[in-house]
Structure formats: structure tokens, C-alpha cells
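Undergrad: Quick one: this structure, given as C-alpha cells, is what I'll be asking you about.
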Amino acid sequence: MNQIQRYLRAFWGALRMTLRGEKIVPTPLKVSPLSPWISQYLDLINSFLRAADQQGIDQTKRETIKLRLDGRQMSLETALLTLKFHASDEYPSLVRQGTEGRGVQNTVYATNMNDRYWISKMAENPDLQNPALQQALSALDAHLDSIPRL
């Protein structure tokens, strides 16, 4: 019963805020050695997307290119959007939690390692064997390899 009461209180609180036109202000990023690294990661993903568009691999084409990642087929577009989500939301959320705890640090490093694996699989894909795309993927890999120590 306590859990139901908690959800009802949260619902009514959210409803009152909505009716008053209030919004939740996101917690700002804490100062962390990861902050500039995260920002650059997002820039590099966007650079890869621009390079792909310039090489004729637009969103529609990226949806047809399939990669085998973590034991399942996934489109290149989905994989890139996942990496972009990590850079724009996942890493910043972890930084807001504070990177002093081992659990958060392990999550950051595990996510980074998985992202590097995905980029290595993209680099092996025959549809992406283009100098401009390979250069963008190399830059992403090098950046992920240089994650700051926490």
C-alpha cells in the first residue's frame, strides 16, 4: 500500500506542477574530467553522421546496413543513435550522479568499452570501407580510448 501512495502523491504533485505551468529544471552537470570528453564524443558522432551523409549513406541507407552487435542484427542507424544517446544522455546522467562511487565508474567504463566494440564492428563493415568514414570511425575509437581516469 505504501508504494501505491507514493505513486499517487507523485502523480498529484506532477499534475499540480503541470497546471501551474511549472517545469522540472534538470540538474546541471557536475564538474568532472568526463564533461569535455562527453561533449567531444557527441561532436565526433555528429561528424561521422555528416561524413556518412556526404558519402551517400544517409539515414535511409543507414537503416538498411546491418551489423551483428551483441549477438543480434541491428541497423547502422540504430547503433549510431544508441551511441549518440550514450553521449547526450547516458554519460551526462552518470556524471550527475557523481563518479566517486565504484558502481558509477564501472558503468561508465563498461559503456565505453561496449561503444568501442560497436565502433570496431562498424569499421569492419564492407559498406563503410570509405576513407572519410574510416577516418571518422578511427577518430571515434581514439577518443573512446582516451577516456579520462576517474
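Undergrad: So which of ALA14, ALA10, ALA51 is small (Gly, Ala, Ser) and either under 16 Å from MET122 (Cα atoms) or in contact with a helix residue (DSSP H, G or I) (Cβ under 8 Å, 6 or more places away or on another chain) (or both)?
TA: Details: ALA14 fails: either under 16 Å from MET122 (Cα atoms) or in contact with a helix residue (DSSP H, G or I) (Cβ under 8 Å, 6 or more places away or on another chain) (or both); ALA10 fails: either under 16 Å from MET122 (Cα atoms) or in contact with a helix residue (DSSP H, G or I) (Cβ under 8 Å, 6 or more places away or on another chain) (or both).
None of the others qualify; the one that does is ALA51.
Undergrad: I've got another one for you. For the condition under 14 Å from the mean Cα position of the chain (by Cα), hydroxyl-bearing (Ser, Thr, Tyr), closer than 30 Å to GLN129 by Cβ and open to solvent by 40 Å² or more (accessible area, probe 1.4 Å), what is the one hit in SER39, SER47, SER93? Reasoning before the result, please.
TA: Numbers: SER47 fails: under 14 Å from the mean Cα position of the chain (by Cα); SER93 fails: closer than 30 Å to GLN129 by Cβ.
Answer to the check: SER39.
Undergrad: Go through the residues of the range 28-35 one by one and say whether even a single one is in contact with a helix residue (DSSP H, G or I) (Cβ under 8 Å, 6 or more places away or on another chain), modelled with pLDDT of 85 or more, more than 22 Å from GLN129 (Cα to Cα) and not in a loop (DSSP other than H, G, I, E, B).
TA: There is at least one residue in the range 28-35 that is in contact with a helix residue (DSSP H, G or I) (Cβ under 8 Å, 6 or more places away or on another chain), modelled with pLDDT of 85 or more, more than 22 Å from GLN129 (Cα to Cα) and not in a loop (DSSP other than H, G, I, E, B).
Undergrad: Taking only the range 62-74 into account, find how many residues are over 30 Å from LEU150 (Cα atoms) and either of a type in the set (A, V, I, L, M) or crowded, with 16+ Cβ neighbours inside 10 Å (or both).
TA: Qualifying residue count, the range 62-74: 4.
Undergrad: Another question about this same structure. How many residues, within the range 50-59, are in a helix (DSSP H, G or I) and open to solvent by less than 90 Å² (accessible area, probe 1.4 Å)?
TA: Matching residues across the range 50-59 total 3.
Undergrad: Related question: Pairs only if they're at least six apart or on different chains, beta carbon under 9 angstrom, first in the range 21-33 and open to solvent by less than 90 Å² (accessible area, probe 1.4 Å), second at pLDDT below 80 and in a loop (DSSP other than H, G, I, E, B); list them, first residue then second.
TA: Final answer for the pair search is SER32/GLY98; SER32/THR99; SER32/LEU150; PRO33/THR99; PRO33/LEU150.
The values are calculated or read from the model by the stated rules, or taken from the named source; none is laboratory data. In this text, all values refer to a predicted model and were calculated from it rather than measured experimentally. Don't worry about glycine lacking a Cβ; one is built from the backbone with ideal geometry, like all the others, and counts go over all protein chains shown. Note: accessible area is taken over every heavy atom of the protein model, side chains too, but ligands, DNA and RNA are not part of it. Shrake-Rupley method; radii C 1.70, N 1.55, O 1.52, S 1.80 Å.
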